[in-house]
Amino acid sequence: MKIRVLGCSGAIARDCRTTSFLIDQDILIDAGTGVGDLTLDEMARIEHVFLTHSHLDHVAALPLMIDSIAARRTSPITVHALPGTIEALQQHIFNNTIWPDFSRIPSEQAPFMRYEAIAVGRSEVVGHRVIEPLPAVHTVPAVGYAITEGQGCWVFSGDTERNPAFWKRVNQLRVAMLVIETAFSNREKELARLSLHLSPSALADELDCIDKDKIYPIYITHTKPAETQTIMEEVQRFDLTQALGPNVTHDIRWLRAGQEFEL
C-alpha cells in the first residue's frame, strides 16, 4: 500500500495545502486543497473518497475535482462519509447554489458521484485494503481511519481533541504509522480545546494512551502555517522529557506535502 501526502496543513499559504492523502492510485482520504496538485490522469483514477468530516479544509477540492474529470469517467466516484457529513455536503455544497448536485447530474440513474454512509467500527473493503472508520471528537460528526493491507496499518486521527475511544481501538491494531493532528500551539491551547483540536500539551497527554510496548512513527499534521514552527518546538520539547522507558521516547516526525510512504 502506497500513501502519498497531497496536503497536511491546517490552512493555506504558499506551499501549504490542506488535508488530503492518496492511497495507491484509487482512494482519497479527505479532499483538501492538496488534491489540486494531481494531474487530470491521476484524478481520473480515483474511485473512492473517504471523508473524515465536512469542514472546508477537508472537502474544498471535492466539487472542483469531480468537475474536472467528470467527462473522462463512465462510473460515479463514491464518496464515503458519516451520515451527518453527507447531509452537510448535500445542504451546503452540492445544493445547486454553491455547486451543482453531482449526485443527480447528468441523471439520477447515472450520476457523477454517489454517497455511501459509513459508521465507526464498520470496516469497508476496497480491493485488498480494509478501511475502518475510527472515533473522533470534533465540532461536527467526524472520524479518523485505519487502513490495512497486509500486516501493518496506517492510522489517521482526523480532526479531534482528547479521544479515549480512539486509543482503545488503536492499541488493538498493528500500527505501522500514525498521523495525528496538532493544530494549535500551547499559546492557543484554550482555542484548541474549544474548537476540539489538539495542542502540544494535549498531544502529550494523548500519546500517554499508547501501550508502552508499542513504538511506531508518529507524524504530526494539520498545523496552522503561522504556528508550525512554534508547534514543532513545543512538541520536540515535551518529547525529549517524556520517556517511555530507559532512553526511549516517542518516534515523532513532521509530515510534509509530497512525502510518500509504502507499508
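Normalised by 2.2 N^0.38 Å, where N is the number of residues, the C-alpha radius of gyration of segment 2-262 stands at 0.99. Taking the chain as a Gaussian network of alpha-carbon nodes connected by springs under 10 Å, the highest mean-square fluctuation of the residues T74, T85, T18 belongs to T74. Charge tally for L89 (other residues, Cβ to Cβ under 14 Å; Lys, Arg +1; Asp, Glu -1): -2. Antiparallel beta bridges, as assigned by DSSP with both residues in segment 97-207, represent about 75 percent of the total such bridges.
For T221, the residues whose modelled amide H falls within less than 5 Å of its own, excluding neighbours fewer than 5 places apart on the same chain, are I180, E181, T182. If a/c stays under 1.5 just call it rounded; otherwise compare a/b with b/c (prolate if a/b is bigger, oblate if not). Do that for segment 1-110, with a ≥ b ≥ c from the square roots of the Cα gyration tensor eigenvalues. The shape class here is oblate. For the peptides 56-63, 110-117, residues were scored by their other Cβ atoms within 10 Å and the scores averaged per peptide; the highest-first order is 56-63, 110-117. Can you give the calculated 222 nm mean residue ellipticity of the chain, where each DSSP H run of n ≥ 4 adds -39,500 (n - 2.57) and the sum is split over every residue, rounded to the nearest 500 deg cm²/dmol? Dividing the helical sum by the residues of the chain leaves -6000 deg cm²/dmol.
Beta bridges per DSSP, both residues in the chain: antiparallel share near 50 percent. Using only side-chain charges placed at the Cβ, +1 for Lys and Arg and -1 for Asp and Glu, the dipole size of the chain relative to its Cα centre rounds to 100 debye.
Net charge dipole, segment 3-129: roughly 40 debye, given to the nearest 20, about the Cα centre with Cβ charges of +1 for Lys and Arg and -1 for Asp and Glu.
Build a GNM of the chain with springs between Cα atoms under 10 Å apart, and of E188, E47, E206 the one that fluctuates most is E188.
Where a number appears in this text, it was derived from the coordinates with a stated rule and is not lab data. Predicted model, so just to flag it, every value in this text is computed and none were measured. Quick reminder, even Gly has a Cβ in these numbers, built from the backbone with ideal geometry, and neighbours come from all protein chains shown.
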